[in-house]
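Taking it in order: structure first as structure tokens, then the write-up.
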Amino acid sequence: MRAISCVVPDSRDAILITGAAGYIGSHATLRFLREGRRVVALDDLSVGRPGAIEAIRGAAPGADLEFVRRGITEVDASWIRGRGIGAVLHFAARAIVPESVARPELYYTVNTAGSVALMRACLEGGARRFVLSSTAATYGVPPADQIPIRESTRQDPINPYGRSKLAAEWALRDLTAASAGSGFASAALRYFNVAGCDRTGVLGEDHDPETHLIPILLHHVLGRVDRVTMYGEDYDTPDGSCIRDYIHVDDLVEAHAAVLAGLGDGEFRAYNLGRGRGSSVREVIAAVERVTGHACRVEVGPRRAGDPPVLVTDPGLIDRELGWSPSVPTIEEIVGSAWAWFRNHPEGYRR
Ligand SMILES: NC(=O)c1ccc[n+]([C@@H]2O[C@H](COP(=O)([O-])OP(=O)(O)OC[C@H]3O[C@@H](n4cnc5c(N)ncnc54)[C@H](O)[C@@H]3O)[C@@H](O)[C@H]2O)c1
């Protein structure tokens, strides 16, 4: 995959990155600063880590970075216009499925209403590109004959998290259509399982609670978690465990650059972002054991409600239309990049 230089809408414009102190947003912030872009990094630090912003500053001294501790609903059109923001990468969200079931109002407030308020401010403030972080969770449990999942697969989310994101997708599509002629364009990017850490070793993944398989396994290797639970071993898959599509976070961020460069005025596009290859839970555990040299203690628990047996994308559309395809080919390399960071930051950014 070639590195994509993002020149649209105007290289002098700032890029607003929301959720910049979070896992993916921090990687995106560093990537665009390294390209020489002006970045306004916004995060309310409800979940994100100040240490991620410090790490970015350390890795990109002299870069044009403004960090603003603020919620996404606390910016208005004049704030956007005053900073010369031309493009927005909107990562900020609440993103834990069980929490969304317990507190749906939080998810609709932040992920749907908050995103719409931000879209409105951006449109009125003159930003011309808006990229929304969406999710494979908007597909719910696709029927077996719809695997691998294409963008045309019916979106039928089964939890408030997925529904709050799908509603934001709809709003973005409709607001883009309503602003025809203004030059505004947007995209919804449906991520599959984002994993791994910055390949230069600066940034990592530091969620609390951690709900993603690879960091949970690495916490276990580091002695921070006694054992790891595998939810279900009787799925209709070759080894009985669930299969997911893991994409390296650096590849995912690179896809955003491709989308910013490729969107034409007035367009709304939706793309799935994954590698197009599935790894079962057992395969991921084996990869962690090979990479770390540590045997994992895994116990088998019951299936979790709403866990589809297989979630794998067909990544062909974005490749055909924008020339983006992922560059990290194996699950070992993804795990290896995560292990490199976790080994050096056993306490996360708190160290
Ligand atoms: N990590 C994945 O595998 C994955 C998969 C699919 C989709 N996504 C989506 O990608 C995006 C980023 O995910 P992540 O894993 O980096 O999450 P994260 O929780 O690490 O980062 C989200 C950031 O947003 C900030 N934030 C939350 N609410 C805010 C608000 N109201 N105003 C300002 N900032 C706010 C948090 O403090 C945090 O720093 C999310 O939109 C998520 O839904 C992630």
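Just so you know, all these numbers are worked out from the coordinates, no wet-lab data involved. Model, not experiment: these values are computed from the prediction. Glycine gets a Cβ as well: all are built from the backbone with ideal geometry, and neighbour counts include every protein chain shown.
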*Got a sec? Which residues in segment 211-228 would a label at D239 touch, if it sits 7 Å along Cα→Cβ and we count backbone N under 19 Å?*
212-221, 227-228
*Calculate the translational D of the chain in whole µm² s⁻¹ from Stokes-Einstein, where the hydrodynamic radius comes from the Kirkwood formula applied to all Cα pairs, the temperature is 20 °C and the viscosity 1.002 mPa s.*
105 µm²/s
_Global size of segment 118-221 as Cα Rg and Dmax, reported in angstrom_ = 17.1, 54
*Net +/- balance of residues flanking T330 in space, Cβ distance below 13 Å, scoring K and R +1, D and E -1*: -1
*Could you pull out the trypsin sites (Lys or Arg not before Pro) across segment 63-164 that fall in loop regions by DSSP (anything but H, G, I, E, B) with no more than 16 other Cβ atoms inside 10 Å?*
R70, R150, R154
*When Rg is the radius of gyration of the Cα atoms in segment 11-150 and Rh is its Kirkwood radius, what does Rg/Rh come to?*
1.01
_If you take every residue apart from A87 with its C-beta less than 11 Å away from the C-beta of A87, what net charge results, scoring Lys and Arg +1 and Asp and Glu -1?_
+2
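Stretched out fully, how many nm does the piece from D226 to S11 gain, at 0.36 nm a residue minus the Cα gap?
72.5 nm
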_Sorted largest first, extent of segment 212-351 alpha carbons per principal axis (Å)_ = 52, 40, 23
*Gaussian network model of the chain, Cα within-10 Å springs - most flexible of T18, T292, T138*: T292
*Would you mind telling me which residue in G51, G25, G181 has the biggest mean-square fluctuation in a Gaussian network model of the chain, where springs connect alpha carbons within a distance under 10 angstrom?*
G181
*In whole Å and largest first, what semi-axes does the C-alpha gyration tensor of segment 27-106 yield when each eigenvalue is scaled by 5 and square-rooted?*
25, 17, 10
*asked:* At 222 nm, what value in deg cm²/dmol follows for the chain if DSSP H runs of at least 4 each add -39500 (n - 2.57) and the sum is divided by all its residues, to the nearest 500?
replied: -10500 deg cm²/dmol
*Amide H neighbours of S134 under 5 Å, counting only residues 5+ apart in sequence or on other chains, H built in-plane at 1.01 Å?*
L189, R190, Y191
*Indicate, rounded to the nearest 5 percent, the antiparallel portion of the DSSP beta bridges found entirely in the chain.*
5 percent
*Theoretical gain in end-to-end length, H219 to L106 [0.36 nm per residue, Cα-Cα removed]*: 37.9 nm
*asked:* For the pair L45/E332, report the inter-label distance in nm, with labels modelled 7 Å from Cα in the Cβ direction.
replied: 4.1 nm
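Provide the gained length on full extension for the span V68 to D319, in nm with one decimal, where the gain is 0.36 nm per separating residue minus the Cα-Cα distance.
86.9 nm
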_Label point distance in nm, V300-D208, each placed 7 Å from Cα along Cα→Cβ_ = 3.5 nm
